[in-house]
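I have placed the structure first, in the form of structure tokens, so that the comments after it can refer back to it.
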């Protein structure tokens, strides 16, 4: 019964992508990668959304010069591939005397990109709030800032939640770009381990790690979308 | 300031690497010309499965879409390009990129089309069928055109993302725009080629981003 079976396609597949000894050996480094990925992701989400919200609020004051700057900045960050910006900053800045760690570069760029998209989404929410809301609030004696913060924003936030969640998920997934500049996140750990082990199991572990982190988030985003659904006629 | 200009906007270096980058741009456009139509079509198929009458098709598309929306495209690309060879499947960079983008795009476009298809009331379908159109004709002539129109901004936004994502192909050494620029960067020890590549992307995508902002505002209004 327990004679050695000749290798079948199935066992070759298992040996290539799910080899137990490799899993044992490299689990710690993948876990380390998960911690780094989660750290970058948390920092990017918090800073990016706050910065985006701030930009949108500033834009609401409609100071022409400031708004032109914001629009140009946001447009550029929306049009450029994040990997291009990361490489420009990572390889360019040290030569002009500014040395940022690879972790800092990844955090900075993803934060700016998320802020740009978040600003657009918040701004869309602010402009979608009917004019009557502004007028009613102002006529009760609220100031501009009070109206913006206590009347318009609470309504605007509601419709921004689904698109903002989806955009945030998409940009958080870009933490994988850190591997190109050597940030020791999941993908970086996985590719390093794969080349050491001569076996694709660590890559599979990395992919599984991303699934474990992001499938719940994606499902949550989908749920939010139906929960806050507002049908465009 | 001079140092900054020299490091990021060195005109003589830019001039030197311009032909190389134009070549890279062509490759980027070639990749786009393949992955966008293929992804958009595959996404439509996924969406039709996700909203079809068949329970099995609906159940199967959910994990497919969730899986490829959850895995970052770069992870997928590296898995295909450096993982599959261990299983005896070696793909060229171009093939790896095409396959990775097909899987990723079909999931993302699929979700967008699904939202569009679901926004079309059942009455449309019933009315079309009662005039004698077949199920296929109903989809092609009645449901899909309206669905696409409803989600046009989202489709455009996703297409911009796809064009930007093609820069990932540089990681598997496909000589597209970013790869060419980064190669030039490592030869000249200067970030100007990367800035020039960024300028190419801006010229390519800025008008589309502007158009998108307008479209989004019009739909919201």
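Taken together, the values in this text are just the output of simple stated rules run on the coordinates, not laboratory data. None of these values were measured; they are calculated from a predicted model. Every residue, glycine as well, gets a Cβ built from its backbone with ideal geometry; the counts of neighbours run over all protein chains shown.
Computed quantities for the displayed model
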quantity: Ranked list, fewest to most other Cβ atoms within 10 Å of each Cβ, for A:185, B:118; calculated: B:118, A:185
quantity: Rounded, prolate or oblate (a/c below 1.5 giving rounded, otherwise prolate when a/b exceeds b/c) for the protein assembly as shown by Cα gyration tensor; calculated: oblate
quantity: Global form of segment A:182-227, assessed from the alpha-carbon gyration tensor, a/c cut-off 1.5; calculated: prolate
quantity: Contact order normalised by residue count of chain A, Cα under 8 Å, 6+ apart, percent; calculated: 31 percent
quantity: Over chain B, relative contact order from alpha-carbon pairs under 8 Å, at least 6 apart, %; calculated: 31 percent
quantity: GNM result for chain A, Cα springs below 10 Å: residue of A:18, A:150, A:117 fluctuating most strongly; calculated: A:150
quantity: Simple spin-label estimate for residue B:118 and residue A:149 in nanometres, 7 Å along Cα-Cβ; calculated: 3.7 nm
quantity: Helix-only [θ]222 nm of the protein assembly as shown, DSSP H runs n ≥ 4, -39500 (n - 2.57) each, per residue, nearest 500; calculated: -25000 deg cm²/dmol
quantity: Choice from A:36, A:183, A:113 showing the highest fluctuation, given a GNM over chain A with Cα pairs closer than 10 Å; calculated: A:36
quantity: With Cα atoms, 0 to 90° folded angle of helix A:20-60 axis to chain A main axis; calculated: 10 degrees
quantity: Approximate shape of segment B:169-221 as ellipsoid semi-axes (Cα gyration tensor, √5λ), whole Å, largest first; calculated: 32, 12, 6
quantity: For A:90, A:61, order by how many other beta-carbon atoms lie within 10 Å, fewest first; calculated: A:61, A:90
quantity: Exposure proxy order (Cβ contacts within 10 Å, fewest to most) of A:144, A:103; calculated: A:144, A:103
quantity: Segment A:1-67-segment B:1-61 distance, computed between alpha-carbon centres (Å); calculated: 22 Å
quantity: Kirkwood Rh in Å, taken over all unlike Cα pairs in segment B:2-220; calculated: 19.5 Å
quantity: Gyration tensor verdict on segment B:110-221 (Cα atoms; rounded if a/c is under 1.5, prolate if a/b is larger than b/c, oblate otherwise); calculated: prolate
